Amino acid sequence: MIKVKAYNSLTIYVKKSFLIIGIVFIIVSFIFLYLHYSLTSDTFKKGIIVLNRGESRSLDINYQNFIFEYKDNISKPLKVVPINAQIINTSYRNGTYYLIGNSFYGSKIIIENNYTEGVLIGFVILDNSPDLLVYSLSLMFFIVSLIAGGVIAGISFLFKDSDTEVS
């Protein structure tokens, strides 16, 4: 009878430990989710612009290092004028234009439609700093931690309850 009670108390301890660890993982997963949503507005800006013939539009850049990518319906490069910013590299892949650069206080990019037809532009301005990596990884860590916490807490229910005794 003494061995059974010692075994039951050990089982109860292990069951509670698994349950607590599972709950901690679930709480940590929601911290990652909060981190992901708090960085959402800070890591990128996106939108759609319609430019008529000869029209231009100004976009503010709030990032020190940035990637400006755009796709348009005419598949010709538009005139992009950086103001208080520096374009370091440009490339074109799969119908998308990429401009990588550095910006300073009050930076802007002016997009000019220098063609005879209207242009529909979809653009994204990404923060090219470690915040983007944290933003991307935080959602993955949320999912992994939530699944791990659920599995660990579920394992705790496989152990025998405290009121089970063998005579």
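Need one number for region 26-75: average projected area of the convex hull over its C-alpha atoms, nm².
Across all orientations, region 26-75 yields a mean hull projection of 5.6 nm².
Rounded to the nearest 0.05, what FRET efficiency do N52 and I88 have when you use their Cβ-Cβ distance and R0 = 35 Å?
After rounding, the FRET efficiency stands at 0.70.
Over the Cα atoms of region 20-116, what is the Rg over Rh ratio if Rh follows Kirkwood?
Result for region 20-116 is an Rg/Rh of 1.17.
Counting only the backbone N, which residues of region 51-65 are under 19 Å from the spot 7 Å out from the Cα of N102 toward its beta-carbon?
Once the point is set 7 Å along Cα→Cβ of N102, 61-65 turn out to lie under 19 Å by backbone N, inside region 51-65.
What is the Å³ per residue value for the convex hull set by the Cα atoms of region 73-161?
165 Å³
Read-outs throughout are calculated quantities, based only on the coordinates presented, and are distinct from any laboratory measurement. Here the structure is a predicted model, which is why all the values come from computation and not from measurement. Glycine gets a Cβ as well: all are built from the backbone with ideal geometry, and neighbour counts include every protein chain shown.
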